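What follows is calculated from the coordinates using simple rules that are stated; it is not laboratory data. As the structure is a prediction and not an experimental result, all values here were calculated from the model. Reconstructed Cβ throughout: ideal geometry from the backbone, glycine too, with neighbour counts over all protein chains shown.
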Amino acid sequence: MTKEELALNIIERLKKEYPDAGCTLDYNQAWKLLVSVRLAAQCTDARVNVVVQDLYAKFPDVASLAEAPVEEIEAIVRPCGLGRSKARDISGCMRMIREEYGGKVPDDFDALLKLPGVGRKSANLIMGDVFGRPAIVTDTHCIRLVNRMGLLDGVKDPKKVEMALWKLIPPEEGNDFCHRLVYHGRDVCTARTSPHCEKCCVSDLCAKNI
């Protein structure tokens, strides 16, 4: 079986196992997803979803968050860890969106990368979830699973993983595929315990078991 064939098989298995998988960060506007994905670095999505409620209660739009003192942002987001750097990035990002994009999150990948605190993973998430464009989000679950399953061979650098997956995953499948890897990585193909191969929907395809 080629890696392309393996990828298609894994995609179909995960579709059946997680038909409704989506982003686990709560948001109803593009700028809120940008804030949440920055806070999610080295923090659980569940905690981020709680913390942002207080942030948005005090700063309910791009303009108010852009004008907020960094210290006030930091005081609210501190439970997510790395409070100072995250607050600084969120402040700079909102100011740039307000001043250069009229308060709207740009729908261009390269423009997103110019925003403070936004890397390829975050930009892909915005492109896929907000704008419905092809996207490959290489978070820790994605990187771990595609290597375990045999789609890649020991590739750990996020950008290299992304570039390799673009060659294997149909563009229209990429975003949902990565969301399903998050669900599978949390529940089955875990990082901090032995993976639960006995209940894995792709165990017969997985390189770890072949």
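Quick notes
- Burial ranking of peptide ranges 10-16, 89-95, 176-182 (average Cβ count within 10 Å, highest at the top): 176-182, 89-95, 10-16
- Under the criterion of Cα pairs below 8 Å and six or more residues apart, the relative contact order for the range 30-130 equals 30 percent.
- Pairs beyond 27 Å (Cα-Cα), from LYS121/LYS199; LYS32/LYS156; LYS15/LYS58; LYS15/LYS199; LYS160/LYS199: LYS121/LYS199; LYS32/LYS156; LYS15/LYS58; LYS160/LYS199
- Once the Cα atoms are used to define both axes, helix 3-17 deviates from the longest principal axis of the chain by about 70 degrees.
- Applied to the range 119-124, the Karplus parametrisation 6.51 cos²θ - 1.76 cosθ + 1.60 on θ = phi - 60° returns per-residue 3J(HN,Hα) values of x, 5, 4, 5, 4, 5 Hz, with x for Gly and Pro.
- For the listed peptides 145-154, 58-67, a ranking on the average number of other beta carbons within 10 Å per residue, highest first, reads 145-154, 58-67.
- Label-reachable residues, the range 191-210, where backbone N falls under 15 Å from a point 7 Å from ASP153's Cα toward its Cβ: 207-208
- The angle between the Cα long axis of helix 83-100 and the longest principal axis of the Cα atoms of the chain comes to about 70 degrees, rounded to the nearest 10.
- Computed from Cα atoms, the angle from the helix 140-149 axis to the main principal axis of the chain rounds to 10 degrees.
- Relative contact order computed over the range 72-168 (Cα-Cα under 8 Å; 6+ residues apart), in percent: 15 percent
- P(r) weight above 13 Å for the range 5-51, C-alpha pairs, percent: 63 percent
- GluC sites (Glu not before Pro) restricted to the range 104-210 and DSSP loop, no more than 15 other C-beta within 10 Å: none
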